[in-house]
Amino acid sequence: MTHADKTVVPANAGIHLFGVSVFKRWIPAFAGMTGVAALLGGCAVGPTYQRPSAPTPAAYKEAQGWVVAAPADALERGPWWMLFDDPALNELAQRIEVSNQNVAAATAAYAQARALVREQRASLLPVVTLDGSASRSGGGAGAVTGNRVQVGIGGSWEPDVWGRLRRGVDSASAAAQSSQADLASARLSAQGELAIDYFGLRQTDAQQALLDDTISGYQRALQITQNRYAAGVAPKTDVLQAQTQLATAQADRVALARQRAQLEHAIAVLVGQAPGDFTLMPMPWKATLPEVPVGVPSTLLQRRPDVAAAERRVAAANAQIGIAQTAFYPSLNLSASYGVGASRLGELFNASNSLWSLGLSAVQTLFDAGATRARVDAAQAAQDEAVARYRQTVLGAFQDVEDQLAASRVLTQQQELRLQASQAADEAQAQVLNRYRAGQVSYSEVVSAQAAALSARRALVQLAADRQTTAVVLIQSLGGGWSVAP
């Protein structure tokens with residue numbers, strides 16, 4: 001003959017599962033305890049977050065004659081690169097979102113931050129567990145052999161009396177928002193870098209075409225000097241100078257090929273492709289410059305993703321102060337259990353075999369040698385650091401905009417001057433070459449005129465690329481797009 005000892009297993013929500021009326025006796029008590037905890041839950045510890053102040057000018061110093069826009073941070077920034085009207089750039093920029101590995105890493109980091117928010121929110125709710133077991137035990141002579149079957153359901157809940165859990169949710173939410181801004185920043189950075197490398201490559205194509213024409217001209221000039229030398233009207237040094245100038249131009253052309261290859265490789269990596277499998281064919285360069293509207297300075301604090309990320313880190317650090325301060329107060333925990341045990345499975349849910357319990361526990365640290373105060377001070381210092389970094393980020397953002405506005409203005413003024421210089425140098429080169437053919441000047445003057453003309457033409461091409469690059473950086477400085485109010 002066998003028997004089994006009744007064993008209690010925790011449970012807290014087994015009314016519908018077990019159909020036992022005993023829960024009706026402790027539900028009011030549990031509700032009363034949770035009600036008290038809920039009332040105390042309004043006592044959130046820690047400073048209320050306020051967005052830190054930052055130096056914001058009334059207007060941009062360098063924004064003379066710019067169109068004022070009305071940016072809205074909630075709106076999609078959109079394909080700003082399309083303003084440059086280049087189909088090849090449009091196709092490449094669209095690949096950034098799905099293929100760039102830095103953007104992919106930032107996307108994964110944002111997904112992780114969102115998961116941590118869900119984890120923190122889950123801590124606000126009770127934890128419910130269900131367990132069961134079956135065993136048979138016995139011993140030597142005269143020992144009783146018995147069966148034991150048990151099932152239980154239980155749970156615990158930590159009331160958020162001092163706001164520690166809510167502060168944790170706030171901190172995780174702010175960190176997730178910061179991660180989202182980091183994602184936008186990574187995307188904008190990759191797009192801007194792509195545009196700058198692309199325009200650099202197109203500038204190299206234009207420089208190569210310019211040198212090809214120049215080399216052809218130098219070859220004709222060399223033929224002229226060789227003919228004059230053969231006729232005895234020019235010294236050997238003229239031929240040597242012409243050969244030197246031609247070889248120098250050809251070497252510059254080869255150097256541009258190396259520069260173009262490096263830019264092509266960089267573009268391949270930005271779009272997530274192996275450089276060996278990527279080719280960008282030369283094509284005519286459209287040095288289009290978009291009209292970039294500049295919003296009032298205060299909107300920059302909402303448009304720039306790095307500014308938004310820095311501000312959200314301040315909010316996360318502020319919540320950590322409250323979390324640290326809750327250690328000064330006792331922590332509470334509510335628990336409930338219900339379990340049944342029997343020697344046979346059929347008797348398992350018999351009310352006489354059940355046992356339930358409710359509990360409330362509190363823990364208060366009496367002495368920790370100042371560790372809690374140290375943690376609070378550390379959290380406060382971390383918040384001060386985040387505020388300082390936020391303000392520095394804001395100052396850097398305004399500097400970026402002012403720098404690019406000044407650069408845009410200066411490059412616009414240089415455009416006409418560079419064009420005049422190039423036209424004058426071309427005319428001087430033609431006149432000096434004619435005078436050389438007539439025997440009126442030495443070949444050294446021809447070399448000087450040709451070098452000056454080539455330098456002026458290359459400077460003009462470089463200026464066009466600089467203006468496009470400056471426009472890209474200005475768009476990045478403004479947050480990567482805008483929306484003009486009707």
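For I323, what charge total do you get from the other residues with a beta carbon under 11 Å from its beta carbon, if Lys and Arg give +1 and Asp and Glu give -1?
Values: positive: R164, R166, R167, R375; negative: D170.
For residues surrounding I323, the net value is +3.
Just to verify a number: FRET efficiency for Q420 and D277, C-beta to C-beta distance, R0 = 30 Å, to 0.05? Display every interim value, and only then the final one.
On the way: r = 45 Å, r/R0 = 1.49.
My answer for the efficiency is 0.10.
Please give me the summed charge of the neighbours of R228: other residues whose Cβ is under 14 Å from its Cβ, Lys and Arg +1, Asp and Glu -1. Show your work: numbers first, answer last.
Numbers: positive: R220, K236, R435, R437; negative: D238.
Cβ neighbours under 14 Å give a net charge of +3.
Which whole-Hz ³J(HN,Hα) couplings does segment 202-219 yield from phi under the Karplus relation 6.51 cos²θ - 1.76 cosθ + 1.60, θ = phi - 60°, glycine and proline marked x?
So the J values, rounded to whole Hz, are 5, 5, 5, 4, 5, 5, 5, 5, 5, 5, 4, 5, 5, 4, 4, x, 5, 5.
Using θ = phi - 60° and the Karplus curve 6.51 cos²θ - 1.76 cosθ + 1.60, what whole-Hz ³J(HN,Hα) does each residue of segment 407-416 get, with Gly and Pro shown as x?
Each residue's phi maps through the Karplus curve to give 4, 4, 5, 5, 5, 5, 5, 5, 4, 5 Hz.
On a 1.4 Å probe surface of the protein chains, which of R136, R51, R303, R457 comes out largest in accessible area, and what is the full order? Walk me through the intermediate numbers first.
Details: R136 155, R51 120, R303 5, R457 45 Å².
So the residues, ranked largest to smallest area, are R136, R51, R457, R303.
Add +1 for every Lys or Arg and -1 for every Asp or Glu among the other residues with Cβ under 11 Å from the Cβ of A459, and state the total. Before the final figure, lay out the partial values.
Working: positive: R418, R457, R458; negative: D466.
Net charge around A459: +2.
By how many nm would the segment from R51 to D377 grow when fully extended, if each residue of separation counts as 0.36 nm and the alpha-carbon distance is taken off?
Details: separation 326, 0.36 × 326 = 117.36 nm, distance 2.02 nm.
Gain in length upon complete extension: 115.3 nm.
Keeping all protein chains in the complex and leaving out DNA, RNA and ligands, what accessible area do you get for I215 with a 1.4 Å probe, in Å² to the nearest 10?
Counting only protein heavy atoms, I215 exposes about 20 Å² to solvent.
The values are calculated or read from the model by the stated rules, or taken from the named source; none is laboratory data. Computed from a prediction, not measured in an experiment: that's the story for all the values here. Note that we place each Cβ from the backbone using ideal geometry, even for glycine, and neighbour counts take in every protein chain shown. Side chains included, ligands, DNA and RNA excluded: accessible areas come from the protein's heavy atoms. Shrake-Rupley method; radii C 1.70, N 1.55, O 1.52, S 1.80 Å.
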